[in-house]
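Colleague: Pasting in a structure now, in structure tokens, and then I'll have a few things to ask.
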Amino acid sequence: MCFRRFLSLYLLAGGVAVLAADLTGNWVVAQPVNDGTTRRTYFDLKQQGDKITGGIRTGQFYYHVADAKPNAEGGYTLAASMMDGHQERKTQYQVKLSGDELHIWTPGRNGRPPSESVAHRTAAGEGAMPAKIPVPALHKVRYNGLAKTPPMGWNSWNKFASRVDDASVRGMADAMVTSGMKGAGYIYINIDDTWEGERDPNGNITSNKKFPDMKALADYVHSKGLKLGIYSSPGPNTCAGYEGSYAHEAQDAKTWGAWGIDYVKYDWCGARNIYSDEEMQAVYQKMGDALLKAGRPIVYSLCQYGRDDVWKWGPDVGGNLWRTTGDIRDTWDSMMKIGFSQNDHAPFAAPGHFNDPDMLEIGNGGMTDDEYRVHMSLWSMLAAPLIAGNDLRSMTQGIKDILMNREVIAIDQDPLGKQGTRLSQPGEQEIWVRHLAGGARAVALFNKAGDRAKMTVQWKDIGSAPKHARDLWAHADVPLNGNQWTTDVPSHGVVLLRIDSK
């Protein structure tokens with residue numbers, strides 16, 4: 001046989017001979033999304049006999065074809081993998097050529113059935129990762145003067161993910177005011193990923209159909225006495241595969257400034273395909289410089305999951321806060337694992353520069369009210385940003401009481417900006433202490449066990465016996481006698497005290 005597009009003969013099930021077509025070429029699947037954008041997946045394949053190599057790019061993910069085998073349908077099974085930090089990600093596709101179309105079956109995930117799509121040949125090189133732009137030399141970015149206490153607000157991702165739109169953001173702004181959250185100190189309404197549209201012919205980022213007029217939305221949020229936040233990535237794509245800020249940092253910052261944006265969350269995601277962790281600081285520095293020239297004050301939130309010891313250099317790139325962990329989930333185990341692992345980061349928190357153990361899950365239904373009180377107390381002891389992630393329009397009174405406990409919020413917002421630390425860890429109980437302005441202290445007694453527990457704090461362990469103590473969840477003063485204080489703490493619960501020695 002002498003065919004350029006038919007190379008190999010395979011004997012499959014039942015001894016049926018099938019000609020396997022040559023898949024060499026660059027293929028693209030273009031799938032319109034209801035927000036007006038188009039999601040493209042590229043298959044850049046090279047076939048030699050029965051060997052298929054190449055890469056598959058889908059949004060921020062770039063997989064290398066690791067193995068290819070003929071299948072019973074007359075096509076191939078492609079096994080592909082990529083390294084995401086120290087974690088290997090794997091995926092698999094079934095592909096079959098039919099005329100000039102490459103039919104592709106993607107395995108179903110999270111209970112969804114497999115999906116079929118059709119790819120067509122496209123120009124060589126289309127969809128490839130852009131050329132690497134050398135990183136700038138390191139220098140210290142000027143502090144923007146913002147976030148002297150941890151930012152407080154709301155973010156769309158935990159509850160809405162890709163479903164966020166203009167109407168829901170306006171609804172959250174309304175609810176933040178009417179619920180009393182604004183009065184309690186919450187002021188940022190932050191749009192996470194999936195707002196992005198295409199770039200115009202001049203390279204300016206646009207918003208997609210879900211957000212028809214970002215400037216008008218910012219004006220609306222500002223009219224409520226609130227501030228608007230937005231999201232991007234230093235890579236070509238965001239986590240959800242939308243347009244990132246790669247090679248457009250200064251341009252995007254000016255666009256956000258013109259829209260009236262007050263807060264930017266900058267997520268590493270797609271940048272990892274171009275830059276190493278060792279280059280991360282310089283990459284974030286680039287946007288830090290750009291935001292200072294955006295034309296308005298913008299809080300800078302670094303989101304890169306605590307890689308490369310970000311707490312050591314976050315302030316140097318202009319960061320007001322930086323993620324210290326992976327993504328939180330609305331479970332006791334996730335919240336506990338993240339929250340109680342923050343002790344070593346305490347020396348790096350200060351006014352204008354805070355460790356960020358991720359957003360609050362309070363009110364999303366995965367934990368009990370006692371567990372949510374632990375969540376709120378622990379984040380406040382950590383001087384962490386208080387960024388709610390629930391639907392503010394449908395909060396129960398119990399959730400309102402947790403999120404808007406002003407005595408607890410005052411611990412989080414203490415102007416000294418000093419993060420709390422672990423005092424002791426007897427078994428499944430932990431005692432944390434935080435130094436506050438004016439010589440006061442906060443003491444949190446956490447019970448991680450499945451049963452109630454008696455817990456005792458020795459006053460000598462925190463310096464001296466206090467003259468006054470207040471239980472911030474009971475909203476009541478507590479009697480003080482002797483050199484220690486003992487109380488019952490519920491299972492998965494907390495007692496949070498503010499103590500004064502003067």
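The values are calculated or read from the model by the stated rules, or taken from the named source; none is laboratory data. Given the structure is predicted, the values throughout are model-derived calculations rather than measurements. Note: ideal-geometry Cβ built from the backbone for every residue, glycine included; neighbour counts use all protein chains shown.
Colleague: Being closer than 21 Å to Tyr300 by Cα, in contact with an Asp or Glu (Cβ under 8 Å, 6 or more places away or on another chain) and surrounded by fewer than 20 Cβ atoms within 10 Å (Cβ to Cβ) is the filter here; which residues of region 162-209 pass it?
Modeller: Thr206
Colleague: Related question: For Gly153, indicate whether it is over 22 Å from Thr37 (Cβ atoms), at pLDDT 95 or above and not in a strand (DSSP E or B).
Modeller: Answer is no for this residue.
Colleague: Looking at region 274-326, which of its residues are under 16 Å from the mean Cα position of the chain (by Cα) and on the phi > 0 side of the Ramachandran plot?
Modeller: Scanning region 274-326 gives Tyr305, Gly306.
Colleague: Is at least one residue of region 233-253 over 26 Å from Lys132 (Cβ atoms) and either under 20 Å from the mean Cα position of the chain (by Cα) or crowded, with 24+ Cβ neighbours inside 10 Å (or both)?
Modeller: No, every residue in region 233-253 fails to be over 26 Å from Lys132 (Cβ atoms) and either under 20 Å from the mean Cα position of the chain (by Cα) or crowded, with 24+ Cβ neighbours inside 10 Å (or both).
Colleague: So which of Ile187, Ile133, Ile205 is under 22 Å from the mean Cα position of the chain (by Cα) and either closer than 30 Å to Asn364 by Cα or outside the structural domain of Glu249 (by TED's automatic domain parsing) (or both)?
Modeller: Sole residue among the options that is under 22 Å from the mean Cα position of the chain (by Cα) and either closer than 30 Å to Asn364 by Cα or outside the structural domain of Glu249 (by TED's automatic domain parsing) (or both): Ile187.
Results for (1) surrounded by fewer than 21 Cβ atoms within 10 Å (Cβ to Cβ); (2) more than 19 Å from the chain's Cα centre (by Cα), shown as yes or no for each residue.
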| residue | (1), (2) |
| --- | --- |
| Tyr372 | no, yes |
| Ala384 | no, no |
| Arg393 | yes, yes |
| Gln397 | yes, yes |
| Arg406 | yes, yes |
| Gly417 | yes, yes |
| Thr421 | yes, yes |
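Colleague: Go through region 117-140 and report how many residues are without any contact (Cβ under 8 Å) to a residue 24 or more places away in the chain and surrounded by 10 or more Cβ atoms within 10 Å (Cβ to Cβ).
Modeller: 0
Colleague: Here are some residues: Gly352, Gly365. Which one is closer than 18 Å to Asn158 by Cβ, of a type in the set (Gly, Ala, Ser) and in the same structural domain as Ile409 (by TED's automatic domain parsing)?
Modeller: After applying the criteria, what remains is Gly365.
Colleague: From the list Asp193, Asp252, Asp262, Asp267, which residue is without any contact (Cβ under 8 Å) to a residue 60 or more places away in the chain and outside the structural domain of Val33 (by TED's automatic domain parsing)?
Modeller: Asp252 is the lone residue from the list that is without any contact (Cβ under 8 Å) to a residue 60 or more places away in the chain and outside the structural domain of Val33 (by TED's automatic domain parsing).
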